[in-house]
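Here the structure comes first, spelled out in structure tokens, and everything after it is commentary.
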Amino acid sequence: MSVSQETKLHYEEILVTPQIAKYYLTKNKVNRNLSNAVVARYARDMSAGAWDMTGEPISFDTDGNLSNGQHRINAIIMADTAILMSVIHGVDLGANIDSGNARTNTNRYQIKYGDSTYTSNVNADMNVLSLVIYGRSKSTLLELHKMYSYFRSAVEDIYIIPNISNDSSVYRAACIIGISEYEMSLQTIERFLYVIRSGFVKGEYENQAVALRQYATRLSTRIHRGGAQRTSLFKQSLLSSLISFSKGRVSEKICRLIDFDWEPVKKKIENNIV
């Protein structure tokens, strides 16, 4: 049995131009705080033609005020492009807007690309790699897809290593680049991780290995605290430590930033990803 109810809601699909978006923002009287990072991420997708119409509407309440969609509207202005949007008018101000369980980037990726191998751990790895490639830790789905496609073989390799999921995403990202760009063996990567986990190895490298672990731990902490130096710390230090370790040259010098010529590798990756 179906029940018909009278509704005051008015639904339409509109090609929202930057001019229309600016008009919509004049109705943005009461809303949550705007996240500039979210706006920029949406705008990058829109500029790249990677924005999908999901059916989630731009909403206006019964008084005509914008109640949902301010980030998308600001992104249209930033991207200076027109996007087809669902728009709904007459939403009850007390409606349960954004009260559900928000989808993560992992959820969005799996839905968009139908790939269940893209787990939350892999997403964390891609966020660290994004620091190297794009200079920021938050990427669009398109950028994540390009990175995962490029590094996928290396990702599959490192996740063969026992307990790799328990390691920091910073360490995993270093190993992914090590395998992908320097063709390091899985044995070398496992030895590197053993040092990181245990703080020592048997034989002549014991003291140097302890220094490496202490250094990498400090580096990981500094990266996760954020700040402008995140990218350079990762590029110049942890990756260099991994390369030095693979060549048997780990030493106390790891406790300082290592001068590593990252640019040729960065250009190679950018040419294949960006």
So for R0 = 30 Å, FRET eff. of ARG191-SER35 from the Cβ-Cβ r, to 0.05, ends up at 0.10
When ARG44, ARG136 are arranged by how many other beta-carbons sit within 10 Å of their Cβ, fewest first, they go ARG136, ARG44
Taking MET78, MET126, MET53 and counting other beta carbon atoms within 10 angstrom, the fewest-first order is MET53, MET78, MET126
Here the tail fraction of P(r) beyond 15 Å, over all Cα-Cα pairs of the range 101-169, rounds in percent to 51
Rounded to whole Å, √(5λ) for the Cα gyration tensor eigenvalues of the range 10-91, largest first, gives 19, 14, 11
A correct Stokes-Einstein calculation for the range 20-166, using the alpha-carbon Kirkwood radius, 37 °C and 0.692 mPa s, returns a whole-number D in µm² s⁻¹ of 191
Least to most buried among SER116, SER185, by other C-beta atoms within 10 Å and fewest first, runs SER116, SER185
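Read-outs: derived from the displayed coordinates by stated rules, not from any lab. No experiment lies behind these values; they were computed from the predicted model shown. Using ideal geometry, Cβ is built from the backbone for each residue, glycine included, and neighbour counts are taken over all protein chains shown.
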